[in-house]
Amino acid sequence: MRESPAGWLYTAPALLIFSVFIIGPTAYTFYISTFHWNVLNTAMSTYTGFANYRTLFSSSTPSFLSGAWHSLYFSGAMVVGGTAVSLALALLLQRGSRTLRAVRVAVFAPHATPVVATSLAWVWIFNPQFGLIDAVLRACHLPVSQWLFSSTWAMPSVIVYSLWHEVGFTVVLFLGGLAVVSPELGEAAQMDGANAWQEFWHVTWPQLRPITLFVVVITSISSLQAFTQFFEMSKGGPAYATTTLSYLVYQEAFVLFDTGYGAALAVVLFAVTAAFTLLQRRTGDRIARSA
């Protein structure tokens with residue numbers, strides 16, 4: 001405050017909006033999580049302390065631990081698969097020809113489409129009776145699946161859709177990183193006899209580490225908070241196979257009206273998200289100092 005009072009003055013409107021719509025509701029959610037909350041008459045709510053948090057580890061269906069595992073499964077697949085696919089596509093599309101520019105637009109286009117509409121479209125694609133995927137598999141004389149109706153294949157199906165929808169954004173990030181990669185270092189490596197893989201691994205990849213870190217953290221946070229595709233495509237099923245923490249918050253707070261327990265789940269999800277943000281900042285600072 002003493003160093004830049006004018007800066008605080010200029011940022012005051014944004015800080016006010018952030019406080020009203022982010023900080024305030026977050027604090028109120030933590031407050032609700034300490035009550036057995038009465039939605040119809042909040043005055044009749046009963047203070048329970050940290051009882052809702054202790055309930056997280058009790059045996060229930062679906063349980064907090066199963067939701068955490070499904071969130072970890074989904075996030076891990078999105079981070080590993082999304083980062084690998086995005087980087088591979090960016091390497092293929094980094095040249096500036098007209099055809100590749102059109103392909104860039106096509107790759108990014110799914111990310112600009114509404115999640116609700118495209119989720120519903122992919123529900124039809126995964127339909128086991130007349131869906132496109134099973135039709136192609138039958139034409140190739142390959143075994144078909146129930147996809148979203150199978151507890152084994154429901155989560156992979158949602159992951160496939162999510163990768164299709166989100167990869168375009170991370171491809172753009174990697175393209176931005178590749179645009180500032182020093183070509184002289186690659187040329188020097190080639191003159192020293194390095195092949196394409198060695199050039200990428202020892203020259204290009206180290207220069208992309210800050211972008212890769214950013215992509216990993218952003219993808220982790222967005223995956224942990226993912227909700228719409230699970231609501232539209234599988235409703236958390238079958239047999240709770242796609243009930244993640246974010247969907248469990250919705251189910252407990254807005255379907256079963258156990259608002260206090262739902263708020264406790266939301267606080268835990270917020271804490272995990274904040275931890276990833278802090279990790280990104282510290283790791284990013286460490287990389288910047290080493291560079």
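The values are calculated or read from the model by the stated rules, or taken from the named source; none is laboratory data. Since the model is a prediction, treat every value here as computed from it, not as a measurement. Quick reminder, even Gly has a Cβ in these numbers, built from the backbone with ideal geometry, and neighbours come from all protein chains shown. We work out accessible area using only protein heavy atoms, side chains counted, and drop any ligands, DNA or RNA first. Shrake-Rupley method; radii C 1.70, N 1.55, O 1.52, S 1.80 Å.
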For residue 167, all conditions in the list (1) surrounded by 15 or more Cβ atoms within 10 Å (Cβ to Cβ); (2) more than 30 Å from residue 131 (Cβ to Cβ) hold save one; what is the number of the exception?
(2)
Does residue 18 qualify as being out of contact with any Lys or Arg (no Cβ under 8 Å at 6 or more places or on another chain), in a helix (DSSP H, G or I) and under 27 Å from residue 214 (Cα atoms)?
yes
Do we have residue 183 as in contact with a Gly (Cβ under 7 Å, 6 or more places away or on another chain), closer than 25 Å to residue 101 by Cα and open to solvent by 60 Å² or more (accessible area, probe 1.4 Å) here?
no
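In segment 231-277, how many are small (Gly, Ala, Ser) and part of a helix (DSSP H, G or I)? Steps first, answer last, please.
Restricting attention to segment 231-277, the residues satisfying the condition of being small (Gly, Ala, Ser) are 234, 236-237, 239, 241, 246, 253, 260, 262-264, 266, 271, 274-275.
Still in the list and also part of a helix (DSSP H, G or I): 246, 253, 260, 262-264, 266, 271, 274-275.
Number of matching residues: 10.
Among the residues of segment 58-92 satisfying the criterion of being in a helix (DSSP H, G or I) and of a type in the set (Val, Ile, Thr), which is most open to solvent (accessible area, probe 1.4 Å)? Steps first, answer last, please.
From segment 58-92, those in a helix (DSSP H, G or I) are 64-92; that's our starting set.
Those still in the list that are of a type in the set (Val, Ile, Thr) too: 79-80, 83, 85.
Details: 79: 24, 80: 106, 83: 18, 85: 66 Å².
Going through the qualifying residues, I end up with 80.
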Scan segment 25-52 residue by residue and report those that are surrounded by fewer than 18 Cβ atoms within 10 Å (Cβ to Cβ) and of a type in the set (Phe, Trp, Tyr).
28, 30, 31, 47, 50
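Of all the helices (runs of 4 or more DSSP H) wholly in segment 120-226, which have at least 1 residues that are in contact with a strand residue (DSSP E or B) (Cβ under 8 Å, 6 or more places away or on another chain), at pLDDT 90 or above and within 27 Å of residue 248 (Cα to Cα)? It would help to see each step written out before you state the result.
Numbers: elements: 132-139, 154-179, 183-191, 196-199, 209-224.
Per the criteria, no element qualifies.
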So residue 55 ticks every box in (1) touching a residue at least 24 places away in the same chain (Cβ under 8 Å); (2) open to solvent by less than 50 Å² (accessible area, probe 1.4 Å) but one. Which box is left unticked?
(2)
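Among the candidates 205, 197, 201, 153, single out the residue that is under 28 Å from residue 105 (Cβ atoms) and either open to solvent by 30 Å² or more (accessible area, probe 1.4 Å) or acidic (Asp, Glu) (or both). Walk me through how you get there before you give the answer.
Numbers: 197 fails: under 28 Å from residue 105 (Cβ atoms); 201 fails: under 28 Å from residue 105 (Cβ atoms); 153 fails: under 28 Å from residue 105 (Cβ atoms).
Among 205, 197, 201, 153, only 205 is under 28 Å from residue 105 (Cβ atoms) and either open to solvent by 30 Å² or more (accessible area, probe 1.4 Å) or acidic (Asp, Glu) (or both).
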Out of segment 242-266, which residues are buried (at least 20 other Cβ atoms within 10 Å of the Cβ) and hydrophobic (A, V, I, L, M, F, W, C)?
245, 248, 249, 253, 263, 264, 265, 266
Among the residues that make up segment 51-68, is at least one of them among the small types (Gly, Ala, Ser), under 14 Å from residue 261 (Cβ atoms) and touching a strand residue (DSSP E or B) at 6+ places or on another chain (Cβ under 9 Å)?
yes
For residue 214, all conditions in the list (1) within 15 Å of the chain's Cα centre (by Cα); (2) buried (at least 20 other Cβ atoms within 10 Å of the Cβ) hold save one; what is the number of the exception?
(2)
